[in-house]
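The values are calculated or read from the model by the stated rules, or taken from the named source; none is laboratory data. From a predicted model like this one, the values you see are computed outputs, not experimental measurements. FYI the Cβ positions are ideal-geometry reconstructions off the backbone, even for glycines, and counts take in every protein chain you see. Remember, those area values only see protein heavy atoms, side chains included, never the ligands or the DNA or RNA. Shrake-Rupley method; radii C 1.70, N 1.55, O 1.52, S 1.80 Å.
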Amino acid sequence: MAEQARFDQMGYYDPEKLVRVDTTLPSTGWMDTPVAIRPGTYIYPVKPKHLEYLGMPFARQWAPADPDWKLPPNWKEIILDGIRERLDRFRSFKLFMDICVRCGACADKCHFFIGGGDPKNMPVLRAELIRSIYRRDFTVAGKLLGRMAGARELTPEVVKEWFYYFFQCTECRRCSVFCPYGIDTAEITMIGRELLNLLGIGINWILEPVANCYRTGNHLGIQPHGLKDTLEFFAEDIETVTGVKVNVPINKKGADILFVTPSGDFLADPGTFTCMGYLMLFHELGLNYTWSTYASEGGNFGLFTSHETMKRLNAKIYAEAKRLGVKWIMGGECGHMWRVLHQYMDTMNGPADFLEVPVSPITGTRFEHARSTKMIHIVEFTADLIKHGKLKLDPSKNDRIKVTFHDSCNPARAMGILEEPRYVIKSVCNHFHEMPANTIREKTFCCGGGAGLGTDENMEMRLRGGLPRGNAVKHVRDAFGVNHLAAMCAIDRATLAPVCEFWAPGVRVTGIHELVANALIMKGQTERTLNLRQEPLGEEAGETAHE
Amino acid sequence: MIISALAVVALLGVVYAGVHVWGMHVLFGIVVPYVAILLFAYGLIKRVMGWASSPVPFCIPTTCGQQKSLSWIESSYFDNPHTTVGVVGRMLLEVLCFRSLFRNVQTQVRDGRVAHGSDEWLWIGALAFHWCFLVIVIRHLRFLTEPVPFFVSFLEQVDGFFQVGLPVFLASGFIMLGAVTYLFARRLFSPRIRYISLPADYFPLFLIMGIACSGILLRHLVRTDVVTVKEIALGLVTLHPAGSGLLAKAHWLFFVHLTFVSVLIAYFPTSKLMHMAGVLLSPTRNLANNSRMVRHVNPWNYPVKVHTYEEYEDEFRDKMKDAGLPVEKE
Ligand code: SF4
Ligand code: SF4
């Protein structure tokens, strides 16, 4: 297969070769080393129509390989004004520009540096790409001492470098855990991308979903009737497997709960099985809830674009909750979605004073920790159900599965939901094994494709970035026979599948509620012989299934 | 790096010549320290006020442990604090124990494997350096106060635990010199760290080495007259600077020491040394992870253009009706 494969296909790469990471540093200093943009490691630029639809500036045709990126005539002024404005708006940015001591503690914490070896993928240098401009134009030392103080001039080359390296950061925040001052390179990347967007420089893999989401309510551009078809199709599959006909409430006024999940769960396996899991769980509980077509996206690629875009997309969730008159909101299994919901939503589009503090109608638990946003994570909800013994579960149904759990970056480092998923998994699976301590919880490694980088033309970087995670998976596969990796993130479910196939073949990716649903004993179900993937369920530990 | 080293050596030369050859005691003994203090105070206040003048629009702590959620799940009180007490604890751990640096692991790909090894050396080196620096600063209060507060004398006794020689050997100075040398060697010999280092990263290291060496020499080799030094120092603090007669009695190396310190504190506010103050303001560390419990307010939260439900339904109404989905307007 290798001879046919292109750089945007996994088969093009050889794990034996890719694992030999070249860590030799360039002989020139980083300021004198121009960026080399090569296929497999960058993402195609945004198509003009998406920028136009969103009302974002400087829509034009350009290509990263072109020498001339057709920057607007006053591009320099735009960037410098943009920096100034953001220094005034974000203490984080201002502070992080000033206090880095270049101790290097963050250097080998970034999966792209570990798996790629490019020094500008050390978080510290990624930040220096902007810091050097900041110093020259905004600090006395930089103005006086120039390069001695780490300052350099803003040139079109710098813009290219920003494009390349700010779209080689998955905003995973791992570096921030280890930095003695909490410098969060993700924050700097976010600002860097905002600045690039001011010049009309963005990537299609982010801005097309953003435009779709703005128009249709979800990243994939699924229109209302399409979403209904999709969910009903899932219901049919569920009936095939369980004999139970689940109901699919959509845009239902008077429901108690609005449920929002990343749209990846509607389209791409294995996320679809997790989505079926939600449907089964809610049906079994007889929950008075609803899906929405207008707010049919929990994810928010605006987070990867600008704070303003994030707010524009996120606004739909509260607006829809208000229109439908629900009491509170529940969110599905997603990573960056939860960064937005947990750390930004209430501030941006709240206060949600028209909603009530979430209370589980089944257990009566009041979710006090969400008393202001009024939105809880489905895994919090399910963990509470299981703790109160409200679900009939048969974990042996998952006995073919030896599972490990991948903490997704944002839920781990921008929220801290660590125990709930483990509790749920252990309640529905008999075989659970943790990956090594340095690769889980707050130290978890990114899938390599977060923050809008999970597209095929970026395959080399994704596989390189996925190496630390993939290697940890391989470790538990070899040590314990792990054959499934559970993740509560739609991007993970899409990107970890190739990462596992490449670095740890034989390990499949699953969502948590897929596992829950397989173990769930439903009222009126027929004898369950198939799992949601319509493969045989049960005890006999068959050999690892392949997709 | 060479430039930074030369700068420090040049400084040494200037002070030596200035004091020992040209007799400019007043300049280096009075003017330079005062100017440095003023620059330090002005720069420090300006920088910190500058940071403080930018708001913290979002609640963005980096969470390093279990969140506070369900009652039966124990939350990580300091690594993922949800209360003010927790945040204070987290900050104290950060400032006093360098909590985050303690997490340090070394990760590299070796023989087709991603290897993680714990790496506490940076943590140990940094901790030793900063704590000894603090001890030394407090010890120096002995020259600046009369009577000397009890904790200063006490600290000095502890510091002089190893009763070697006379005057008593004070451990802190030597440990600090060792630690700062380690931090320098790390920058020099780790190719990766050298690659990210700027001249501005070497300069304070050399300066501090200079301070430590001159200080140790003054105490153990040159044995400058402590009473004179104290009189000069007290004069500076009480704004009654010593006359040139008294100044001339001190050894020239004392002026080198004093000038190095002056340059360090004058340089402080314009440099990365501001991390000392900055760490306290870091939004990923000093905020409680309670953003779903309490609404965090953004002072510049401006309205944005959104795609309303009405606009959405207008575009898709027919399709929605065909699919049997409820609509607002028929
Ligand atoms: S760990 Fe923090 S202070 Fe050290 S180099 Fe990285 S960003 Fe800078
Ligand atoms: S946020 Fe993640 S991807 Fe970005 S620099 Fe830090 S460790 Fe690397």
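The table below lists the values:
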{"item": "Restricting the range A:267-306 to residues that are touching an Asp or Glu at 6+ places or on another chain (Cβ under 6 Å) and not polar (S, T, N, Q), the residue that is farthest from A:R193 (Cα to Cα)", "result": "A:G277"}
{"item": "The range A:172-182: number of residues that are within 6 Å of ligand 2 (Cβ to nearest atom) and open to solvent by 10 Å² or more (accessible area, probe 1.4 Å)", "result": "2"}
{"item": "Failed item in (1) in the same structural domain as A:A451 (by TED's automatic domain parsing); (2) within 25 Å of the chain's Cα centre (by Cα); (3) not acidic (D, E), with A:V246 passing the rest", "result": "(2)"}
{"item": "Candidate set: the range B:27-49, residues that are among the hydrophobic types (A, V, I, L, M, F, W, C) and within 14 Å of chain A (Cβ to nearest Cβ); chosen: the one surrounded by the fewest Cβ atoms within 10 Å (Cβ to Cβ)", "result": "B:M49"}
{"item": "Any chance B:L281 is within 14 Å of chain A (Cβ to nearest Cβ), modelled with pLDDT of 95 or more and open to solvent by 20 Å² or more (accessible area, probe 1.4 Å)", "result": "yes"}
{"item": "Scope the range A:28-40; condition more than 14 Å from chain B (Cβ to nearest Cβ) and either surrounded by fewer than 14 Cβ atoms within 10 Å (Cβ to Cβ) or at pLDDT 95 or above (or both); matching residues", "result": "A:P34, A:A36, A:R38"}
{"item": "Subset of the range A:113-140 that is in contact (Cβ under 8 Å) with a residue 12 or more places away in the chain and among the aromatic types (F, W, Y) - its residue that is least open to solvent (accessible area, probe 1.4 Å)", "result": "A:Y134"}
{"item": "Some residue of the range A:252-264 being at pLDDT 95 or above, part of a helix (DSSP H, G or I), of a type outside the set (G, A, S) and buried (at least 19 other Cβ atoms within 10 Å of the Cβ)", "result": "no"}
{"item": "Every residue from the range A:349-380 that is surrounded by fewer than 23 Cβ atoms within 10 Å (Cβ to Cβ) and touching a residue at least 40 places away in the same chain (Cβ under 8 Å)", "result": "A:P361, A:I362"}
{"item": "Selected residue (criterion: nearest to ligand 2 (Cβ to nearest atom)) from residues of the range A:190-212 that are within 12 Å of chain B (Cβ to nearest Cβ) and farther than 29 Å from B:V105 by Cα", "result": "A:V210"}
{"item": "Top-ranked residue of the range B:187-207 - restricted to ones that are at the interface with chain A (Cβ under 8 Å from one of its Cβ atoms) and open to solvent by 40 Å² or more (accessible area, probe 1.4 Å), ranked as farthest from the chain's Cα centre (by Cα)", "result": "B:P191"}
{"item": "Verdict on A:K322 being open to solvent by 10 Å² or more (accessible area, probe 1.4 Å), closer than 21 Å to A:I378 by Cα and touching an Asp or Glu at 6+ places or on another chain (Cβ under 6 Å)", "result": "no"}
{"item": "Among residues of the range A:141-171, those that are β-branched (V, I, T) and either within 28 Å of B:F98 (Cβ to Cβ) or within 16 Å of ligand 2 (Cβ to nearest atom) (or both), counted", "result": "1"}
{"item": "Condition met for A:G331 (within 20 Å of A:N410 (Cβ to Cβ) and touching an Asp or Glu at 6+ places or on another chain (Cβ under 7 Å))", "result": "no"}
{"item": "Some residue of the range A:60-76 being surrounded by fewer than 17 Cβ atoms within 10 Å (Cβ to Cβ), small (G, A, S), away from ligand 1 (no atom under 15 Å from the Cβ) and part of a loop (DSSP other than H, G, I, E, B)", "result": "yes"}
{"item": "Whichever residue in the range A:417-442 is polar (S, T, N, Q) and open to solvent by 10 Å² or more (accessible area, probe 1.4 Å) and, among such residues, is farthest from the other protein chains (Cβ to nearest Cβ)", "result": "A:N430"}
{"item": "For A:D32: the one exception among (1) of a type in the set (D, E, K, R); (2) out of contact with any Pro (no Cβ under 9 Å at 6 or more places or on another chain); (3) free of Cβ contacts under 8 Å to residues at least 60 places away in the same chain", "result": "(2)"}
{"item": "Of the criteria (1) modelled with pLDDT under 90; (2) away from chain A (no Cβ under 14 Å); (3) buried (at least 17 other Cβ atoms within 10 Å of the Cβ); (4) in a helix (DSSP H, G or I), which one B:V227 fails", "result": "(3)"}
{"item": "Given (1) within 12 Å of chain B (Cβ to nearest Cβ); (2) away from ligand 2 (no atom under 13 Å from the Cβ); (3) charged (D, E, K, R); (4) part of a helix (DSSP H, G or I), index of the condition A:E187 fails", "result": "(2)"}
{"item": "Search result, residues across the range A:88-112 that are within 7 Å of chain B (Cβ to nearest Cβ), away from ligand 1 (no atom under 13 Å from the Cβ) and open to solvent by less than 10 Å² (accessible area, probe 1.4 Å)", "result": "A:F90"}
{"item": "Some residue of the range A:121-128 being away from ligand 2 (no atom under 16 Å from the Cβ), facing chain B (nearest Cβ under 7 Å) and modelled with pLDDT of 95 or more", "result": "no"}
{"item": "Qualifying helices (runs of 4 or more DSSP H) (wholly inside the range A:320-416; at least 1 residues being touching a His at 6+ places or on another chain (Cβ under 9 Å) and more than 9 Å from chain B (Cβ to nearest Cβ))", "result": "A:336-339, A:378-387, A:409-413"}
{"item": "Looking only at the range B:52-66, and only at residues there that are more than 22 Å from B:S100 (Cα to Cα) and of a type in the set (S, T, N, Q), the one that is surrounded by the fewest Cβ atoms within 10 Å (Cβ to Cβ)", "result": "B:S53"}
{"item": "Selection from the range A:113-150 of residues that are within 16 Å of B:D201 (Cβ to Cβ) and within 15 Å of ligand 1 (Cβ to nearest atom)", "result": "A:P119, A:M122, A:V124, A:L125, A:A127, A:E128, A:R131, A:S132, A:R135, A:G150"}
